[in-house]
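Trainee: The structure under discussion is supplied below as structure tokens; questions concerning it will follow.
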Amino acid sequence: MDPQLQRAAAMMPRTDLTDPVAAREATLAFKEFVGVPPTPDSIQIEELEIPGGSGAPAQLTRIYRPKVTLRPLPVIVYYHPGGFVLGDLDTDHARVLRLVEGAGAMVVTSMFRLAPEHPFPAGIEDAYATLCWTAENAALIGADADRIAVGGCSTGATFAAAISLLTRDRGGPQPMFQLLLYPALDDRLDTPSMTQFEDIPGGDRTGAELMWRHYLGPLYGSSEVPAYAAPARAQDLSGLPPAYLMVNEIDVCRDEELAYAMRLIAAGVPVELHHYSGTFHAFESMVRGSEISRRALDEQIAVVRRALRRRPAARAQQEPAR
């Protein structure tokens, strides 16, 4: 493990998902550990409610904008992490602030429904509704409808990968880019890295199993789990947006992420893949001051800025649903 990360790892609180309610209360300790930075004067934040998935309650939504910039802005629809069970609009507030400042982009993020009270497909339908709302209201909020990306970290990145599949197949708004920061992609938990690590920051196999059980509900352990829940199960990865995929070496999800990146490349999807050695799941969120964390965050900003810089060429005719 990276020496700076190793020193911090011993002090990090662990989250047990056995009892989701207790785990949510315990996340207060995590917030205290990492801190929630103040919003700089250069960024404007607006909160509003938008429609949820079909028949679902409205979602609390937060829009981040640079105060001084030309309009319309490229926009990232960003999904917060939390193992499908935890998390809120503050969970990745620090990263979102940096994306807005560094990439000059707008960020739209919403409170989707959480498991186990609302198992799949509740959360992903809310996430899809956020993408559709952003595209439909781009002019109203000052966004460029032709420069919409999706992204997230951990299970937020799972949602970003799944939404890219879902909107492709439904003929919905087509993101120009997907930012996939160490996503959980495979509910089958059968890779070498899934059994290699125990009691590590960011979670082990036991935590991964609980997370998927909560999220999938009665589907867990069956062969009927759809790719919109676990993207590694997708048979066809062609026609998806270009991707940046970040992988951590000391992470149970490592091998499923590497395999997914290779499959995207084989399907003709442009992929930038970075495997960070000596790092654990969400290290740059938990230990923001370390040298390798600063390097990872700087790279994420540069990647997003480059991806959103150009307006995409005219879109090809939408393929029929797969």
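The values are calculated or read from the model by the stated rules, or taken from the named source; none is laboratory data. Predicted model only: the values in this text are computed from it and were never measured. Note: ideal-geometry Cβ built from the backbone for every residue, glycine included; neighbour counts use all protein chains shown. These accessible areas exclude ligands, DNA and RNA; they are computed on the full protein's heavy atoms, side chains included. Shrake-Rupley method; radii C 1.70, N 1.55, O 1.52, S 1.80 Å.
Trainee: Which of the GluC sites (Glu not before Pro) across the range 112-201 are loop residues per DSSP, with 10 or fewer other Cβ within 10 Å?
Mentor: Those satisfying the criteria are Glu198.
Trainee: May I pose another question? Which of the three applies to the range 188-270, rounded, prolate or oblate, going by the alpha-carbon gyration tensor with a ≥ b ≥ c and a/c under 1.5 meaning rounded?
Mentor: In terms of gyration-tensor shape, oblate.
Trainee: While we're here: Treating the beta-carbon of each Lys and Arg as +1 and of each Asp and Glu as -1, no other charges, what is the dipole magnitude of the range 25-149 about its Cα centre, to the nearest 20 debye?
Mentor: 360 debye
Trainee: Give me the 1.4 Å probe accessible area per residue for the range 25-154, excluding ligands and nucleic acids, in Å².
Mentor: Accessible area per residue, the range 25-154: 39 Å².
Trainee: When a/c reaches 1.5 or more, the comparison of a/b and b/c decides; with that in mind, is the range 1-143 rounded, prolate or oblate per its Cα gyration tensor?
Mentor: Oblate, since a/c reaches 1.5 and b/c is not below a/b.
Trainee: Based on the Kirkwood radius over alpha-carbon pairs, what value in µm²/s does the Stokes-Einstein equation return for the translational diffusion coefficient of the chain at 25 °C and 0.890 mPa s?
Mentor: 125 µm²/s
Trainee: Can you pull out the trypsin sites (Lys or Arg not before Pro) in the range 64-145 whose DSSP state is coil and whose Cβ has at most 11 other Cβ atoms within 10 Å?
Mentor: Loop-located and lightly packed - Lys67.
Trainee: Let me ask you something else. Farthest toward the dipole's positive end in the range 35-97, which of His80, Ser42, Pro57, given Cβ charges of +1 (Lys, Arg) and -1 (Asp, Glu) about the Cα centre?
Mentor: So the residue furthest toward the plus end is Ser42.
Trainee: Compute the relative contact order of the range 141-213 as a whole-number percentage, counting only Cα pairs closer than 8 Å that sit 6 or more residues apart in sequence.
Mentor: 29 percent
Trainee: For the chain, what is the charge dipole size about the Cα centre, in debye to the nearest 20, if Lys and Arg each add +1 at the Cβ and Asp and Glu each add -1 at the Cβ?
Mentor: That gives the chain a dipole magnitude of about 1120 debye.
Trainee: List the chymotrypsin sites (Phe, Trp or Tyr not before Pro) in the range 220-285 that DSSP assigns to loop (not H, G, I, E or B) and whose Cβ has at most 16 other Cβ atoms within 10 Å. Which are they?
Mentor: Tyr220
Trainee: Let me ask something additional. Hey, got the dipole for the range 152-250? About the Cα centre, +1 on K and R Cβ, -1 on D and E Cβ, debye to the nearest 20?
Mentor: About 380 debye.
Trainee: Along the charge dipole of the chain, pointing to its positive end and built from +1/-1 on Cβ of Lys, Arg, Asp and Glu, which listed residue (Ala282, Leu28, Gly268) has its Cα farthest out?
Mentor: Gly268
Trainee: Normalise the Debye intensity by I(0) for the range 99-234, one equal point scatterer per Cα, no solvent, then take log10 at q = 0.14 Å⁻¹ and round to two decimals.
Mentor: Calculated log10 I(q)/I(0) at the listed q: -0.68.
Trainee: Given a 1.4 Å probe, how much area per residue of the range 165-322 is accessible, in Å²?
Mentor: Value returned for the range 165-322: 44 Å² of accessible area per residue.
Trainee: Could you tell me what percent of the accessible area of the chain is made up of carbon and sulfur, with a 1.4 Å probe and every protein chain present?
Mentor: With neighbouring chains kept in place, the figure for the chain is 53 percent.
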